[in-house]
1. Provide a single number: the residues in region 145-201 that are within 24 Å of E119 (Cβ to Cβ), basic (K, R) and modelled with pLDDT of 95 or more.
2. Only one of Y206, Y174 is touching a strand residue (DSSP E or B) at 6+ places or on another chain (Cβ under 7 Å), aromatic (F, W, Y) and within 15 Å of D52 (Cα to Cα). Can you tell me which?
3. Among the numbered criteria (1) within 29 Å of E141 (Cβ to Cβ); (2) surrounded by 14 or more Cβ atoms within 10 Å (Cβ to Cβ); (3) touching a helix residue (DSSP H, G or I) at 6+ places or on another chain (Cβ under 8 Å), which one does E38 miss?
4. Is there a residue being surrounded by fewer than 19 Cβ atoms within 10 Å (Cβ to Cβ) and part of a helix (DSSP H, G or I) anywhere in region 194-211?
5. Out of region 81-103, which residues are under 17 Å from E61 (Cα atoms) and surrounded by 14 or more Cβ atoms within 10 Å (Cβ to Cβ)?
6. In region 281-324, how many residues are buried (at least 17 other Cβ atoms within 10 Å of the Cβ) and of a type in the set (G, A, S)?
7. Just to verify a result, which residue in region 111-122, among those that are part of a helix (DSSP H, G or I) and within 13 Å of L66 (Cα to Cα), is farthest from the chain's Cα centre (by Cα)?
8. Tell me, yes or no, whether region 237-252 has at least one residue that is of a type in the set (V, I, T), crowded, with 22+ Cβ neighbours inside 10 Å, more than 19 Å from R171 (Cβ to Cβ) and within 16 Å of the chain's Cα centre (by Cα).
Amino acid sequence: MKLTNKTHYEKKKLSLAPNVVVIGGGTGLSVLLRGLKEYTSNITAIVTVADDGGGSGVLREDLGMLPPGDIRSCLLALANTEPAMEKLLQHRFKEGRLKGQSFGNLFIAAMNEIHGNFETAIKEMSSVLAVTGKVLPMTLEDVKLYAKLEDEHIIEGESNIPVKNGEYKSRIDYVYIKPEKARPVDEAIEAIREADCIVLGPGSLYTSVIPNLLVEDMVKEIDKSNAIKTYISNVMTQPGETDNYGVLDHVKAIIKHTKEGIIDYVIANVEEIPEETLDKYNKDGARPVIITEEEEKELLGMNIKVIKNHLIDIKKNYIRHDAISLSEMIINLVIKDKKN
């Protein structure tokens with residue numbers, strides 16, 4: 001999606017648009033944010049910091065800082081930068097001790113060291129990149145994610161969950177964090193209280209979306225909020241994490257970790273994916289998540305309204321959500337709700 005230089009009138013219009021809080025992490029969240037900033041500048045992304053793999057995991061271990069990977073992706077998604085700057089921040093080193101590490105992660109690490117505070121580091125980087133809205137970590141505490149499987153195995157560490165569970169071939173019963181009483185960032189709570197719409201996902205169910213909901217008071221504040229609460233279902237299952245899950249399984253997992261009534265709407269895909277695109281995903285064990293009539297009926301029985309649409313965007317054989325369509329749906333949902 002190409003960034004556009006907006007006029008003063010367009011910027012003013014966006015500033016008066018709905019307040020949207022998006023909760024999640026990973027590629028799914030950053031894809032949605034790229035679309036959402038075309039419809040509103042009042043965006044707050046609350047992002048998981050339970051990541052312990054890849055370049056983020058290395059920095060977490062070496063520097064004792066929170067993992068910056070998902071934060072970096074969201075900052076770039078909401079940034080108004082020249083293409084050269086985005087290319088620089090996304091650049092991954094190919095050789096030496098920095099192999100696999102992204103320049104953007106190092107940028108955040110440098111800001112963190114300069115300011116001695118991860119939250120301030122993100123704010124400073126947001127200013128440098130002229131970010132639309134805010135990107136906030138779910139907590140400033142050093143949390144670790146665990147998964148308890150239905151076969152009683154316990155898996156420690158976010159990056160290990162899909163790998164180890166792929167070996168055990170068991171379903172995830174539930175996930176939890178340590179410390180259990182991790183405090184949310186104050187600004188995140190304020191954003192939830194002021195939101196017109198709270199969006200969960202899209203993103204990895206157990207390792208991107210649900211971890212944010214395990215932080216103390218997060219569920220209580222979402223539940224108290226008058227905002228529309230919407231869950232965007234994934235369009236593909238994730239091997240080792242949501243094997244054979246349908247839309248209903250995703251929703252039930254969120255409710256199990258939160259409470260009933262936490263979701264008002266589910267946005268789900270009904271678009272068939274071309275076989276040639278699916279081949280690569282099928283080899284990895286991923287399957288399409290397309291809502292069925294039975295699932296829709298059960299969700300309606302749970303007092304959850306369903307919005308069905310063609311939500312797929314395929315680029316270079318990669319399946320992603322259509323960020324523009326999703327963003328339009330979210331904004332229209334708020335406008336419709338305010339009229340009623």
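1. Within region 145-201, residues that are within 24 Å of E119 (Cβ to Cβ), basic (K, R) and modelled with pLDDT of 95 or more number 3.
2. Y206
3. (1)
4. The answer is yes, given that some residue of region 194-211 is surrounded by fewer than 19 Cβ atoms within 10 Å (Cβ to Cβ) and part of a helix (DSSP H, G or I).
5. Across region 81-103, the qualifying residues are L98, Q101, S102.
6. 2
7. The selected residue is E113.
8. no
The values are calculated or read from the model by the stated rules, or taken from the named source; none is laboratory data. None of the values given here were measured: they were computed from a predicted structure. No Cβ is skipped: glycine too gets one built from the backbone with ideal geometry, and neighbour counts run over all protein chains shown.
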